[in-house]
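The values are calculated or read from the model by the stated rules, or taken from the named source; none is laboratory data. Please read all numbers here as calculations on a predicted model, not as lab measurements. We place every Cβ from the backbone using ideal geometry, glycine too, and count neighbours over all the protein chains shown.
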Amino acid sequence: MKLLVRWAALALSFWVATALIPGIDVKGGFTTYLWVALLFGLLNATLGSLLKLLTLPAVILTLGLFLVVVNAAILMLLARWSDSLDISSFWSAIFAAVVISIVTRVVSGFGKKALPN
């Protein structure tokens, strides 16, 4: 159940990012947002873990801020591989990574409070 809440939170965060940030667009409706969230989650779990390990010195030096760049790179890679997501520039990806991170954290926090252990 927690996995479904996190997946829905990620899909919602993609919707918020497309609404707030010019230069990022998801082509389609609700199911497309779920599909993009699923692909982003899978990429972040596999390739993202490897990238975070490889860039650990930069993450430590920047006190974790470099993780935004790693997430933006994963977003750009997802946009390149998927026809459903368009990102116009790296700065759009940076801002989208920040928005996605914040919204996912907030919504997942509400989901943890609402769901019993």
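For the reader, a short list of remarks on this structure follows.
- Single residue of the range 71-94 satisfying the filter (in contact with a Gly (Cβ under 8 Å, 6 or more places away or on another chain) and under 25 Å from Val5 (Cα atoms)) that is surrounded by the fewest Cβ atoms within 10 Å (Cβ to Cβ): Ser84
- Filtering the range 1-26 to residues that are surrounded by fewer than 16 Cβ atoms within 10 Å (Cβ to Cβ) and in a loop (DSSP other than H, G, I, E, B) leaves Met1, Pro22, Gly23.
- Residue check, Thr46 buried (at least 16 other Cβ atoms within 10 Å of the Cβ), of a type in the set (Ser, Thr, Tyr), at pLDDT below 95 and assigned to a helix (DSSP H, G or I): no
- Leading residue by the ranking (nearest to Thr46 (Cα to Cα)) among those in the range 82-93 that are assigned to a helix (DSSP H, G or I) and either in contact (Cβ under 8 Å) with a residue 40 or more places away in the chain or under 13 Å from the mean Cα position of the chain (by Cα) (or both): Ala93
- Across the range 55-67, the number of residues qualifying as over 22 Å from Ala79 (Cα atoms) and assigned to a helix (DSSP H, G or I) comes to 6.
- Residue match in the range 50-67 (condition: surrounded by fewer than 17 Cβ atoms within 10 Å (Cβ to Cβ) and within 14 Å of the chain's Cα centre (by Cα)): no
- Failed condition for Leu10, given (1) in contact with a helix residue (DSSP H, G or I) (Cβ under 7 Å, 6 or more places away or on another chain); (2) over 20 Å from Gly109 (Cβ atoms): (2)
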